[in-house]
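The values are calculated or read from the model by the stated rules, or taken from the named source; none is laboratory data. Note that this is a predicted model, so its numbers are computed, not measured. Side chains included, ligands, DNA and RNA excluded: accessible areas come from the protein's heavy atoms. Shrake-Rupley method; radii C 1.70, N 1.55, O 1.52, S 1.80 Å.
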Amino acid sequence: QRPPSQADRLVVENMTIRNVARGVDVRNGSDMRIRNNALSQIGGLSDGYGVLVFNTAGGWVTGNTINTSEIVGIFIQNHYGTQGVTLTNNVITGAPIGFGINLVYGNQDFLIADNTVYDTELLQVTSIQFANLKIRNNTITLVKPLAYGLYGWNINPGTTEFLSNTITGGDRGIALYDNDGTFGPGGVAHLRITGNAVSGANVGVEVNG
């Protein structure tokens, strides 16, 4: 079990952050709150993360406005199993070379809801290991013709839901891929894709196991 950390129950709120390489970087904590911050012009020096959360169990990233974060607006990564993080009501505009929301490695039991993403390469949910995600009521507008709206790769067993999202433009509205034919080691993932509205894309929904 992870020992207590100074990042446990951390609150970062009501901040204005601009013209920095990285906006908010939280690691090795639990039950954090990153809320109601305004971030802009994030990047340079091979960086460009608006909000980065690493190896953190539980918490909220909510109500943040992120404008022009070069690589990714919100990035959550863990090789050991980040669990139970909720991302809601964030507005992300412009990630010139990257993603709106990106989850990678060992994430599970997430809610991604009521976010607005405009003109990024992807709102990406991708991992060699993720499960039990609820992705709902997000509004995604893709300006770049080859961009993907909701993208998932190698989904672990569990239930992952894409519900009532609105996706406009781009190449793929919803695209889910896997590399071993099972959608995750140890069994088949249960996917539910319902109530989404996709328009202006080359392909609405693509699933390839």
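For the range 22-85, with every protein chain kept in place, what is the accessible area per residue (1.4 Å probe, Å²)?
37
May I ask you to work out the translational diffusion coefficient for the range 1-63 at 20 °C, viscosity 1.002 mPa s, via Stokes-Einstein with Rh from the Kirkwood sum over Cα pairs, reported in whole µm²/s?
Translational diffusion coefficient: 176 µm²/s.
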